[in-house]
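Asker: Please read through the structure below; I'll follow up with questions.
The values are calculated or read from the model by the stated rules, or taken from the named source; none is laboratory data. Predicted model only: the values in this text are computed from it and were never measured. Glycine gets a Cβ as well: all are built from the backbone with ideal geometry, and neighbour counts include every protein chain shown.
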């Protein structure tokens, strides 16, 4: 079975995050996209998303490595919901590396030119419900 085209797009995004290539990364986002930076904090728009990824990289001492694990893609209309395992590796502050896994959720929109663009980037997935920082 051929992997969904979104797998390659997400792999490219993860590579861009890891290599700090924010110009390439932001090309995969819609102008009206939203990024969950952390529970309770969401930014909107490509420039704000770019700046958030720079701040995230700074927080992890420019050593954040992002990879993907299992992925499910559910398409409806011109949208796709991606549910996937995201694996993060970063310095633990004591000379070692911490690895953690999240079950992320992403929404992509198929544009009229055939490109898939991310409209919602939520690496926290449904764990946002556990934080008490819910918006209504």
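Asker: Is it the case that residue 37 is under 12 Å from the mean Cα position of the chain (by Cα) and closer than 20 Å to residue 127 by Cβ?
Answerer: Yes: the conditions hold for residue 37.
Residue-wise test of (1) in contact with a helix residue (DSSP H, G or I) (Cβ under 6 Å, 6 or more places away or on another chain); (2) closer than 13 Å to residue 106 by Cα.
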position: 41; (1), (2): no, no
position: 46; (1), (2): yes, no
position: 58; (1), (2): no, no
position: 62; (1), (2): no, no
position: 74; (1), (2): no, yes
position: 78; (1), (2): no, no
position: 84; (1), (2): no, yes
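Asker: So for segment 124-136 (the condition being under 15 Å from the mean Cα position of the chain (by Cα), surrounded by 17 or more Cβ atoms within 10 Å (Cβ to Cβ) and at pLDDT 95 or above), does at least one residue qualify?
Answerer: Within segment 124-136, the subset under 15 Å from the mean Cα position of the chain (by Cα) is 124-128.
Keeping just the survivors that are surrounded by 17 or more Cβ atoms within 10 Å (Cβ to Cβ) gives 124-125, 128.
Right, trim to at pLDDT 95 or above and you get none.
Among the residues of segment 124-136, not one is under 15 Å from the mean Cα position of the chain (by Cα), surrounded by 17 or more Cβ atoms within 10 Å (Cβ to Cβ) and at pLDDT 95 or above, which makes the answer no.
Asker: Here is a follow-up. List the residue pairs whose Cβ atoms are under 8 Å apart, where the first residue sits in segment 20-42 and is free of Cβ contacts under 8 Å to residues at least 60 places away in the same chain, the second is in a strand (DSSP E or B), and the two are 6 or more positions apart or on different chains.
Answerer: 37/43; 42/34; 42/35; 42/36
Asker: Next question, about the same structure. Please identify the pairs in which a residue from segment 94-118 that is touching a residue at least 24 places away in the same chain (Cβ under 8 Å) and on the phi > 0 side of the Ramachandran plot has its Cβ atom under 8 Å from the Cβ atom of a residue that is in a strand (DSSP E or B) and exposed (fewer than 10 other Cβ atoms within 10 Å of the Cβ), counting only partners at least 6 apart or on another chain.
Answerer: Note: no pairs meet the criteria.
Asker: Show me the helices (runs of 4 or more DSSP H) entirely contained within segment 1-106 in which 2 or more residues are modelled with pLDDT under 95, surrounded by 15 or more Cβ atoms within 10 Å (Cβ to Cβ) and touching a strand residue (DSSP E or B) at 6+ places or on another chain (Cβ under 6 Å). Lay out the reasoning, then the answer.
Answerer: Values: elements: 5-18, 22-26, 46-59.
So the answer is 5-18.
Asker: Would you check if residue 52 is under 13 Å from the mean Cα position of the chain (by Cα) and farther than 16 Å from residue 86 by Cα?
Answerer: Criteria met by residue 52.
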